[in-house]
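For reference, the structure discussed in these notes is given below.
The values are calculated or read from the model by the stated rules, or taken from the named source; none is laboratory data. Remember, predicted model here, so these are calculated numbers, not experimental data. Heads up, the Cβs are rebuilt from the backbone with ideal geometry, glycines too, and the neighbour counts pull from every protein chain shown.
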Amino acid sequence: MTPMYCSRCGTVGEPAREIPGSFALELLLWLLFILPGLIYSVWRLCSAKDACIRCGDPRLIPADSPLAVHLLAQHPSGPVVRAPSQTRLALLTGFAVVLLVIVLPFAIALWMGRND
């Protein structure tokens, strides 16, 4: 992913993926009702946006754009550069938890029901 420049704090680096809502609420909706859980999950994933890893501001511009280059030249101390965020890993972990907590028990229940 292209490094981004935060127009609020001056950080240059990989943006963090901000997913709105609550994972706990999503999990509860999945456990209680399949359709609301699905709707809430789709909304959360479709509403995700990139944000600054330092301040969380969504107003990012590509670090190689003329405006970012100009603003970086004005900073005497240079930009703050951060390592890439671990949001992909967190997202995959969330999906794994959903699979283990929701899908696996249903699959076991279906399998046990067929054996009776």
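Could you grab me the full set of residues in the stretch 1-14 that are of a type in the set (A, V, I, L, M, F, W, C) and part of a loop (DSSP other than H, G, I, E, B)? Break it down stepwise before answering.
We begin by selecting, within the stretch 1-14, every residue of a type in the set (A, V, I, L, M, F, W, C); these are 1, 4, 6, 9, 12.
Correct list: MET1, CYS9.
Could you run through the stretch 18-55 and say how many residues are under 30 Å from HIS70 (Cα atoms) and either surrounded by fewer than 18 Cβ atoms within 10 Å (Cβ to Cβ) or β-branched (Val, Ile, Thr) (or both)?
7
Filter the strands (runs of 3 or more DSSP E) completely within the stretch 15-86 down to those with at least 2 residues that are at pLDDT below 85. Talk me through it step by step, then tell me what you get.
Details: elements: 16-18, 49-51, 60-62, 80-82.
Per the criteria, 80-82.
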